[in-house]
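A short worksheet on the structure shown next.
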Amino acid sequence: MSITNNEATIRVRFAPSPSGYLHVGGARTAIFNWLLARKEGGAFILRIEDTDQARSTESSIEAILDSLKWLGLDWDEGPEVGGDFGPYRQFERKHIYLDYAATLLEEGHAYCCYCTAEELEARRAQAIREGRSPGYDGRCRNLSQAEEDAFRVAGRLPVIRFEVPDDRDKIVVEDNIRGGVEFDRSQISDFVIVRSNGLAAYNFAVTIDDALMEITHVIRGDDHLSNTPRQILLYEALGFELPVFAHIPMILGEDGQRLSKRHGATSIGQYRELGYLPEAMINYLVLRGWSPEEAATTGEEIYSLEELVERFSLERVTKNPAGFDPAKLNWMNGLYLRQTDPDRVTDLALPYLRQAGFTPEDYAREKLTEIVDLGRGRLNCLSEIAGEVDYFFNPEVQIAAEAVEVLKPESASLVLKAFREKLMALPEFEPGSVKEAIKSVGQELGIKGKSLFMPIRAALSGRLHGPELIRLISVLGRDRCVDRLRAVAN
Ligand code: GLU
């Protein structure tokens with residue numbers, strides 16, 4: 001099945017409900033939509049689905065917009081930018097839904113239902129006991145005007161239900177990813193389209209919005225697949241043309257359960273705070289459920305946004321759930337951190353250094369950039385930077401237990417003393433001469449390899465792993481090196 005509709009420009013949307021933060025799963029949905037729009041020269045629309053006023057908040061809208069911007073996903077229509085198909089917040093579209101509900105009522109596709117929650121529950125329980133389908137039983141389908149009046153006089157507020165046509169035995173969702181998915185008519189009872197508070201229910205609002213906003217491709221998580229037959233019935237009753245549906249697989253935690261807080265960080269905002277790079281998040285998330293064609297042969301996993309735009313296609317989205325593997329994300333982010341311009345990483349590292357109580361301003365910018373560059377070698381994310389470079393900022397080195405061991409032998413003291421003397425005597429403190437100094441210490445003492453380098457590293461940084469030793473020494477500077485060598489071996 002082709003996804004490209006040659007006559008019309010592609011219009012896709014991301015439609016978050018603002019009741020929390022931007023979840024990585026939601027972000028992945030947004031990324032797929034955005035990539036398709038950019039690839040096809042179409043429009044990416046952002047619509048805020050805030051009909052559930054009890055759960056929607058302004059701060060959540062702000063957090064979602066912020067996260068999208070941080071990821072680098074811009075929208076062509078929606079909040080802040082406007083557009084010809086607005087408003088883009090469902091709450092501001094209430095009257096539109098009510099107009100369509102009135103039409104459906106008039107045309108006999110919908111009816112007012114006065115059943116109370118208790119009545120519905122009692123009949124549901126009874127249906128289950130009797131082995132019947134527990135959906136709405138159609139009790140209010142054919143109320144007379146007198147019956148309706150009586151309910152209203154009794155103070156009952158109706159909901160509006162869609163009347164699912166009895167002549168349909170099944171509804172088939174032609175899904176671009178899963179193929180034809182059949183739903184039996186018995187699974188779908190007359191559903192609520194307008195609640196008793198006058199607000200449209202999700203399926204109703206989303207159908208009207210997608211149709212009026214001329215959305216050509218509805219790409220969303222497959223947790224919505226079971227809603228789609230209801231939406232298809234609404235499209236038909238309202239006389240709207242169906243869009244292409246593409247339900248993308250859920251992102252699951254390593255235990256196979258839907259990704260949630262107990263799996264760790266799940267919001268884009270959290271990853272941002274932890275010091276992940278937006279391009280790494282995009283690269284990682286886009287590969288959850290999709291892969292470029294060539295990846296099967298090359299095994300390539302690193303793609304810039306431009307490369308993704310060029311390669312993206314719905315055809316290569318998988319049906320199977322996608323796993324979220326934090327270790328893989330860390331690996332990828334670490335890779336991006338090491339490939340990124342050192343100046344940018346330094347800017348991003350500053351808040352974490354300050355948070356750790358250091359004053360990065362004590363260093364000239366050039367030096368600071370070098371420190372961050374040395375520290376990023378083993379990072380998963382930038383919030384780990386302070387732990388990697390603390391020995392540049394702390395006046396004294398904290399010697400880790402494993403480093404204490406390396407410093408114990410007599411040979412270690414000899415190396416440190418000899419190196420200290422050579423350092424002090426160097427006419428010029430520069431990488432080449434430092435390297436020579438270490439070499440000659442080794443030759444004079446007949447010590448080489450680890451026994452030569454490890455004590456120096458341990459004395460200067462307090463640990464056994466870290467950046468290249470000569471660079472570490474250069475950045476620390478001669479005076480501090482001499483002090484630290486003396487502190488350990490006088
Ligand atoms: N507002 C829905 C959600 O956040 C998405 C609806 C849709 O994409 O159709 O899950």
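For Glu40, the conditions (1) buried (at least 19 other Cβ atoms within 10 Å of the Cβ); (2) closer than 29 Å to Cys140 by Cβ; (3) at pLDDT 95 or above all hold with the exception of (2).
Listed here are the residues, each with its yes/no results for (1) farther than 27 Å from Tyr276 by Cα; (2) touching a Pro at 6+ places or on another chain (Cβ under 9 Å); (3) buried (at least 17 other Cβ atoms within 10 Å of the Cβ).
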residue: Phe393; (1), (2), (3): no, yes, no
residue: Glu402; (1), (2), (3): yes, no, no
residue: Lys408; (1), (2), (3): yes, no, no
residue: Ala412; (1), (2), (3): yes, yes, yes
residue: Phe419; (1), (2), (3): yes, yes, yes
residue: Ala437; (1), (2), (3): yes, no, yes
residue: Gly442; (1), (2), (3): yes, no, yes
residue: Lys448; (1), (2), (3): yes, no, no
residue: Glu468; (1), (2), (3): no, no, no
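If you go through the range 241-251 and keep only what is more than 18 Å from Leu22 (Cβ to Cβ) and assigned to a strand (DSSP E or B), you end up with Val244, Phe245, Ala246, His247. Listed conditions (1) among the β-branched types (Val, Ile, Thr); (2) within 28 Å of Gly377 (Cβ to Cβ); (3) modelled with pLDDT of 95 or more are all met by Thr298, apart from (3).
Evaluate the following for Ile3: is it touching a helix residue (DSSP H, G or I) at 6+ places or on another chain (Cβ under 6 Å), more than 15 Å from the ligand (Cβ to nearest atom) and modelled with pLDDT under 95?
Values: touching a helix residue (DSSP H, G or I) at 6+ places or on another chain (Cβ under 6 Å): yes; more than 15 Å from the ligand (Cβ to nearest atom): yes; modelled with pLDDT under 95: yes.
Answer is yes for this residue.
With the requirement that a residue be outside any helix (DSSP H, G or I) and either in contact with a helix residue (DSSP H, G or I) (Cβ under 9 Å, 6 or more places away or on another chain) or at pLDDT below 95 (or both), what does the range 89-109 give you? Within the range 89-109, Arg89, Glu107, His109 meet the criteria. Scanning the range 212-257 for residues that are of a type in the set (Gly, Ala, Ser), away from the ligand (no atom under 14 Å from the Cβ) and at pLDDT 95 or above yields Ala237, Gly239. For the range 188-206, enumerate the residues that are within 28 Å of the chain's Cα centre (by Cα) and either away from the ligand (no atom under 11 Å from the Cβ) or more than 16 Å from Tyr88 (Cβ to Cβ) (or both). If the condition is that a residue be within 28 Å of the chain's Cα centre (by Cα) and either away from the ligand (no atom under 11 Å from the Cβ) or more than 16 Å from Tyr88 (Cβ to Cβ) (or both), then Ala201, Tyr202, Asn203, Phe204 are the ones that fit.
Every condition in (1) surrounded by 15 or more Cβ atoms within 10 Å (Cβ to Cβ); (2) touching an Asp or Glu at 6+ places or on another chain (Cβ under 9 Å); (3) within 24 Å of Ala237 (Cα to Cα) is met by Leu143 except one, and the failing one is (2).
Applying the criterion of at least 3 residues that are under 15 Å from Leu71 (Cβ atoms) to the helices (runs of 4 or more DSSP H) found wholly in the range 264-348 leaves 268-274, 278-286, 305-311, 326-339. Within the range 9-29, is even one residue in contact (Cβ under 8 Å) with a residue 40 or more places away in the chain, touching a Leu at 6+ places or on another chain (Cβ under 8 Å), part of a helix (DSSP H, G or I) and more than 14 Å from the ligand (Cβ to nearest atom)? No: zero hits.
The values are calculated or read from the model by the stated rules, or taken from the named source; none is laboratory data. For clarity, every value in this text was computed on a predicted model and none was experimentally measured. Here Cβ is always computed from backbone atoms with ideal geometry, including for glycine, and neighbour counts include all displayed protein chains.
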